[in-house]
Amino acid sequence: LILKYNNITELCHYPNYMNHVTFIDASFNGMKKICKHFIDTLIKARQIQNITLSGNKFKALPWELQLLLQQNQVQSVKLKGDNYNCNCSTKWLRDIIKRNIHKVPDAHELYCANYGKKVILVSDEEMGCLKKHVTWNKTSLLVSAPLLFVGILIAIFYIKYADVIQFCCYLYCRNNHY
């Protein structure tokens, strides 16, 4: 099914004949979106072998694309020509491309718009997926140690005098009409 150069903005509609399609070329349409439903239906049909989505305006792709790439009958998915937004929520795209590089022949031509680097070369840290390590310096220890000590003292005091504190709160609330 050749759909290229048709100014299609999204792939969402799935006509019945698509169950028999083995090749889709939807390149160079200015597409910004592929609906989850469209990918799900391709997965269920188990017929698609080659998909070309190159040269559109994708910033991201649906997560379900990775399920499609994992199917045995899928031979290639072409994605070049778009500048993807690489961040922690799209890390799966980089990971699935790396795991299925034999099915993504243009993997070395996919770029992150926000880094100007190849998608497969952007690190987890650059994508913002790694938690920053907390470093303790003298100042933070000088501030946190006394606060921890005060917190422990308050907890001990509350445990030891819980009944008295509750009674005082009761008297206060009763006298002030709370």
Practice problem: Write out, first by first residue and then by second, each pair whose Cβ atoms fall under 6 Å of each other, whose residues are 6+ apart or on separate chains, and whose first residue, in the range 53-65, is more than 10 Å from Trp92 (Cβ to Cβ) and among the hydroxyl-bearing types (Ser, Thr, Tyr) while the second is in a loop (DSSP other than H, G, I, E, B) and at pLDDT 85 or above. | Solution: Ser54/Ser27; Ser54/Lys80; Ser54/Gly81
Self-check item: Meets criteria (basic (Lys, Arg) and touching an Asp or Glu at 6+ places or on another chain (Cβ under 6 Å)) for Lys33
Solution: yes
Quiz prompt | In the range 13-42, the residues that are open to solvent by less than 60 Å² (accessible area, probe 1.4 Å), hydrophobic (A, V, I, L, M, F, W, C) and more than 19 Å from Lys59 (Cα to Cα) | solution = Met18, Val21, Ile24, Leu42
Quiz item: Within the range 136-156, is there a residue that is surrounded by fewer than 11 Cβ atoms within 10 Å (Cβ to Cβ), at pLDDT 80 or above, out of contact with any Leu (no Cβ under 9 Å at 6 or more places or on another chain) and of a type in the set (Phe, Trp, Tyr)?
Solution: yes
Exercise. Check off (1) open to solvent by less than 40 Å² (accessible area, probe 1.4 Å); (2) among the polar types (S, T, N, Q); (3) farther than 23 Å from Glu109 by Cβ for Thr52 and give me the number that stays unchecked.
Key: (3)
Quiz item: Within the set of pairs 6 or more residues apart or between chains, which connect a residue that is within 30 Å of Arg94 (Cα to Cα) inside the range 127-155 to a residue that is at pLDDT 65 or above and part of a helix (DSSP H, G or I) with Cβ atoms less than 6 Å apart?
Solution: Met127/Cys88; Met127/Lys91; Gly128/Cys88; Cys129/Cys88; Cys129/Lys91; Leu130/Asp124
Quiz prompt | the range 84-100, residues that are polar (S, T, N, Q) and open to solvent by less than 80 Å² (accessible area, probe 1.4 Å) | solution = Asn85, Asn87, Thr90, Asn100
Self-check item: Residue list for the range 10-31, filter: of a type outside the set (A, V, I, L, M), over 23 Å from Asn72 (Cβ atoms) and touching a strand residue (DSSP E or B) at 6+ places or on another chain (Cβ under 7 Å)
Solution: Glu10, Ser27
Exercise. Could you pull out the residue among Ser89, Ser76 that is among the small types (Gly, Ala, Ser), at pLDDT below 90 and closer than 30 Å to Phe28 by Cβ?
Key: Ser89
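The values are calculated or read from the model by the stated rules, or taken from the named source; none is laboratory data. Keep in mind that what you see is a predicted model, and the values were worked out from it rather than measured. In this analysis, Cβ positions are derived from the backbone assuming ideal geometry, glycine residues included, and neighbour counts consider all displayed protein chains. Surface areas here come from the heavy atoms of the whole protein model, side chains and all, with no ligands, DNA or RNA. Shrake-Rupley method; radii C 1.70, N 1.55, O 1.52, S 1.80 Å.
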